[in-house]
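In what follows, a structure is listed as structure tokens, so that the remarks can point back to it.
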Amino acid sequence: MRSPIPVPPAWAAEITSWCVAMHAMRLSPQTIELRVYHLRRIARAGLAPTPWELTAQSLLDWTGSKMWSRETARAFRSSVRRFWAWGLSTERTNANIGESLPMVRPQEPHPRPAEASAVQRAVATSDARVTLMLRLANELGMRRAEVAQIHPVNDLVQDLVGWSLIVHGKGAKQRVLPLPNDIADVLRDAPEGYLFPNPQGGPLSPHWVGTLVSRALPAGTTMHQLRHLCATEIHEQTHDLRLVQTLLGHASLATTQRYVAIDDSKVRDAVALRSLRWRQSRTS
């Protein structure tokens, strides 16, 4: 395998300093890792000797040449704008060239829930560790990074009703989710440390958690689609989009709407029923 192109020292030093600033802002490790990845890609492209010598036009030309999805382009733009905003605030540069990148509209809502029967088969046939990962994603709508970070001793809480789990979400935001009794029992009986430890005792990486779950599911089905399935079925059960938003830990309802699939047959039935009522009202 070919070794990756090294990050030039001048870029590496500035990216490291930015990491310190992001840690000081108490950003989540996942957010920091993603932003650093984006900046290292630019650094390896050889567009300028240092970040502060890069021109807005060169940055625009480079990003415009990439065949990225909208969501990838949006994330990349966010990282770039924040890096150069930090450079501007610390007087490393006198311009935020990230502002030159055009705004990218989010993708239209396209819920992709996993097939319920496929999830049931995976839960029934997987080992205990992967089964628990599947259930946390499917029954609680947890992200792979959230599942990876579970530390029962620190994250289990009890109230008058039962046991709940403190979930460490995106952007260092926390939410508390009620646990089904049998899942709570498993977490209470787990050894000390992370629920899914790596050989060194730290947490498994989110990537590896997602890989293990995807391997248990049919080809083309991802762990994130279990989150979509959870959102869709909870919404069908409660008809409460705000409740689903709270469950998933979304900042806005607009994001939650992208997770909730609508059964086309129900739309057809609703239109047909309303049409029937209107026809009946005209003849009465």
Next on the checklist: Between [x] 18.7, 58; [y] 23.0, 82; [z] 22.2, 66, which entry matches Rg and Dmax of the Cα atoms in Å as derived from the coordinates of this structure?
Outcome noted: [y]
Next on the checklist: Using only the alpha-carbon atoms, how far is helix 116-125 inclined from the longest principal axis of the chain? Give it as 0 to 90 degrees, nearest 10.
Outcome noted: 80 degrees
Checklist entry - When Lys and Arg each count +1 and Asp and Glu each count -1, what net charge do the other residues less than 12 Å away from Thr50, Cβ to Cβ, add up to? => result -1
Checklist outcome for this item: Any GluC sites (Glu not before Pro) in region 138-209 that lie in a DSSP loop and have at most 15 other Cβ atoms within 10 Å would be Glu192
Next on the checklist: If I model a spin label at Ser205 and Glu91 as a point 7 Å from the Cα along the Cα→Cβ vector, what separation in nanometres do I get?
Outcome noted: 4.0 nm
Checklist outcome for this item: Distance in nm between Gln120 and Ser69 label points, each 7 Å along Cα→Cβ, equals 2.8 nm
Checklist outcome for this item: FRET efficiency (Lys173, Met103; Cβ distance; R0 30 Å; to 0.05) is 0.80
Item to check | Theoretical ellipticity at 222 nm over the chain - DSSP helices of four or more residues, -39500 (n - 2.57) apiece, nearest 500 | outcome: -17500 deg cm²/dmol
Checklist entry - Expressed as an acute angle from 0 to 90° and rounded to the nearest 10, what is the orientation of the C-alpha long axis of helix 264-283 relative to the principal long axis of the chain? => result 50 degrees
Item to check | Cα gyration tensor, region 45-86 - rounded (a/c under 1.5), prolate or oblate | outcome: oblate
Checklist entry - How long is the gain from Trp62 to Ser281 if the chain were fully straight, where each residue apart is worth 0.36 nm and the alpha carbon distance is subtracted? => result 72.7 nm
Checklist entry - What full-extension length gain, to one decimal in nm, is calculated for Gln237 and Leu273 as 0.36 nm per residue of separation minus the Cα-Cα distance? => result 10.9 nm
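Every number in this text was worked out from the coordinates using simple rules, so none of it is lab data. Keep in mind that this is a model prediction, so the values were computed, not measured. Glycine also receives a Cβ, built like all others from the backbone with ideal geometry; neighbour counts cover every protein chain displayed.
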